[in-house]
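The values are calculated or read from the model by the stated rules, or taken from the named source; none is laboratory data. Bear in mind the structure is a predicted one, so any value in this text is a computation, not a measurement. Here the Cβ positions follow ideal geometry from the backbone for every residue, glycine too, while neighbour counts run over all protein chains shown.
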Amino acid sequence: MGYYDIHFQRWLEHFPRDRFLVLVLEEDIAPEGSQAIERVYNFLGVDSSFVPNGLQEKRKSRQSHLFMRLKHISTRLAYFVAEHVPRLDAIEHLMRIPVHKEEKKILRETYAPHVKELEEILERELPWF
């Protein structure tokens, strides 16, 4: 969630809508990466039969909270710790920041108008609510 509608509107002040391809991770990319890359190629008007090496490789879906926090301090430190601390995932729960129901409600109320505006701009529903 964020203020994507405001930023996208600024781009649209300078470029026509048909110059943009907007893909949503949860719906367009994650389910089938090869279809997403083909859509991008078709949009760009390049050979859509090309499949980059490693496209089908499974990658960790997200980095741990601890790793992300360490990266903010130092990327080298984060990778050093990840490599040298066995079972880093065992202490992962210590680094989670709980988001309480009331906080989630405030976030939804704050971003709901922006998500709705973005949905109107993109002419599609978004999976964020």
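Structure notes:
- Cβ-Cβ under 9 Å pairs, at least 6 apart or on other chains, segment 97-112 side aliphatic (A, V, I, L, M), far side part of a helix (DSSP H, G or I): 97/65; 99/107
- Filter result (assigned to a helix (DSSP H, G or I) and surrounded by 14 or more Cβ atoms within 10 Å (Cβ to Cβ)) within segment 42-55: 43
- Candidates in segment 108-127 are the residues that are of a type in the set (Lys, Arg) and in a helix (DSSP H, G or I); of these, the one that is nearest to residue 4 (Cα to Cα) is 116.
- Screening residue 70 on (1) in contact with a Phe, Trp or Tyr (Cβ under 9 Å, 6 or more places away or on another chain); (2) over 27 Å from residue 111 (Cβ atoms); (3) at pLDDT 85 or above shows it passes everything except condition (3).
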